[in-house]
Amino acid sequence: MKWHTLAVHAGTESDPLTGAVMTPVYFTSTYAQEAPGVHKGYEYSRTHNPTRSALEAALAQLEGAKHGLAFASGLAATDAILRLLRPGDHVLVSRDLYGGTYRLMRKVFEPWGLSFDFVDTTDPAQVEEALRPQTKMIWIETPSNPLLRISPIAVLADIAHQSNAYLVVDNTFATPYLQAPLEMGADIVMHSATKYLGGHSDAVMGAIMLNKDEEAQRLRFFQNAVGAVPGPMDCFLVLRGIKTLPLRLQKHSENAQKIAEFLATHPKVSKVYYPGLVTHPQYLLAKQQMRLSGGMIAFEVKVSRVEELQNFWSALKVFLLAESLGGVESLINHPATMTHASIPEAERLALGITPGLLRLSVGIEDVDDLIADLKGALQRI
Ligand SMILES: *Cc1c(COP(=O)(O)O)cnc(C)c1O
């Protein structure tokens, strides 16, 4: 099935009871049984809920995976994946990383007994050098948050497998439409479905997709035993969002390309990070492993203190100053004080998250309005 067809039909079958074309929202916590243990496959909604089952089937189909699992948030999904490991195990992680993932690793799983090294995963040599006998997982974000660095998925999958480690890809920024990590050899894909999969900034959710049966079974066990599951209404919203995923991503990418090109020539902008610009250090790799360049841009304006941006924020009329990303509306974020504030300042600066760094989640509005908005606000710096 081709992408636009897949997105519309994945996981949705007309309701056997009424023929409803959209999966109903099953607001129920429990299910009547004919006799103890005799039921229709549903006992309790932490374990299974029909709306969630439909969404999980859709998630699996989108990534071309055997298994799809939905969680209460992206971080709940990350938590479940890290539980596959045991105290004493070592994980290699992209240096440029979603702040909450970093916090979960450092503040929750390090005290629990895992150890982490943060390396530049765009460079396979650095990954090989950092491997240890205890390394059981390589965790990458590509494109990364916030600097849109691209790591080579197929090469890193080979490196991971030579050392009997899993390669996990946080595919949130790319979405399954732009990038298929499992086909390139990754073992597990995770998403913050809060972002592009949902696509409308109205639900918080996480997703895991994989082909491996044993690991899927363990993740399914954690999902029920720990209980970080999404409710049926959120499952419905994400299932609906998925239907327009390829359409939205085409528009997000088209708008972002034009905005990145505009920013690249602006006198108040010193750097633009966008995989669709030939100046991006991994431009060719991005072309190889991504269908389009996506809707996320980071750029640096020529200021040394965040206070100098005061007039810039207040001049914006279309871009909303907010955390998160991947919705139909355009958002702007200041990583150093917002999404990446949980990373210590020295590490932030070493990564390139400076006071003048801004991150755009480019929406699907008319690009002329978006460029005019940025143009006007940049004049005020
Ligand atoms: C938002 C995000 C997460 C965390 O997901 P939540 O749904 O907020 O828990 C993880 N990775 C990336 C790349 C994200 O953008």
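The values are calculated or read from the model by the stated rules, or taken from the named source; none is laboratory data. Please read these numbers as outputs of a predicted model, since none were measured by experiment. Reconstructed Cβ throughout: ideal geometry from the backbone, glycine too, with neighbour counts over all protein chains shown. Protein only, heavy atoms only, side chains kept; ligands, DNA and RNA dropped before computing areas. Shrake-Rupley method; radii C 1.70, N 1.55, O 1.52, S 1.80 Å.
The criterion of at least 1 residues that are assigned by TED's automatic domain parsing to the domain that holds Ala57, of a type in the set (Phe, Trp, Tyr) and open to solvent by 10 Å² or more (accessible area, probe 1.4 Å) is met by the following helices (runs of 4 or more DSSP H) wholly inside region 208-269: 213-226, 232-242.
Can you find even one residue in region 64-72 that is open to solvent by 10 Å² or more (accessible area, probe 1.4 Å), within 16 Å of the ligand (Cβ to nearest atom) and either on the phi < 0 side of the Ramachandran plot or modelled with pLDDT under 95 (or both)? There is at least one residue in region 64-72 that is open to solvent by 10 Å² or more (accessible area, probe 1.4 Å), within 16 Å of the ligand (Cβ to nearest atom) and either on the phi < 0 side of the Ramachandran plot or modelled with pLDDT under 95 (or both). Filtering region 272-302 to residues that are in contact (Cβ under 8 Å) with a residue 12 or more places away in the chain, open to solvent by 20 Å² or more (accessible area, probe 1.4 Å) and part of a loop (DSSP other than H, G, I, E, B) leaves Thr279, Pro281, Gln282, Arg291, Leu292, Ser293, Lys302. Among the residues making up region 84-98, a single one is at pLDDT 95 or above and among the basic types (Lys, Arg): Arg86. Under the condition of being in contact with a strand residue (DSSP E or B) (Cβ under 9 Å, 6 or more places away or on another chain), away from the ligand (no atom under 14 Å from the Cβ) and either in a loop (DSSP other than H, G, I, E, B) or open to solvent by less than 10 Å² (accessible area, probe 1.4 Å) (or both), the residues counted in region 133-158 number 8. Among the residues that make up region 58-76, is at least one of them among the hydrophobic types (A, V, I, L, M, F, W, C), assigned to a loop (DSSP other than H, G, I, E, B) and farther than 30 Å from Thr101 by Cα? No: zero hits. All of Gly356, Gly376, Gly363, Gly295 fail the test of being within 15 Å of the ligand (Cβ to nearest atom) and modelled with pLDDT of 95 or more, apart from Gly295. Scanning region 325-336 for residues that are buried (at least 19 other Cβ atoms within 10 Å of the Cβ), over 17 Å from Asp369 (Cα atoms) and of a type in the set (Val, Ile, Thr) turns up nothing. The residues of region 107-129 that are buried (at least 17 other Cβ atoms within 10 Å of the Cβ) and part of a helix (DSSP H, G or I), listed by number, are Phe109, Val127.
Regarding region 25-42, can at least one residue be identified that is within 21 Å of Leu210 (Cβ to Cβ) and part of a loop (DSSP other than H, G, I, E, B)? Within region 25-42, not a single residue is within 21 Å of Leu210 (Cβ to Cβ) and part of a loop (DSSP other than H, G, I, E, B). Is it the case that region 179-198 has a residue that's farther than 20 Å from Ile138 by Cα, at pLDDT 95 or above, within 14 Å of the ligand (Cβ to nearest atom) and open to solvent by 10 Å² or more (accessible area, probe 1.4 Å)? Checked against the condition, which is being farther than 20 Å from Ile138 by Cα, at pLDDT 95 or above, within 14 Å of the ligand (Cβ to nearest atom) and open to solvent by 10 Å² or more (accessible area, probe 1.4 Å), region 179-198 yields at least one hit. For region 96-117, filtered to residues that are over 13 Å from His340 (Cβ atoms) and among the aromatic types (Phe, Trp, Tyr), the residue that is farthest from the ligand (Cβ to nearest atom) is Trp112.
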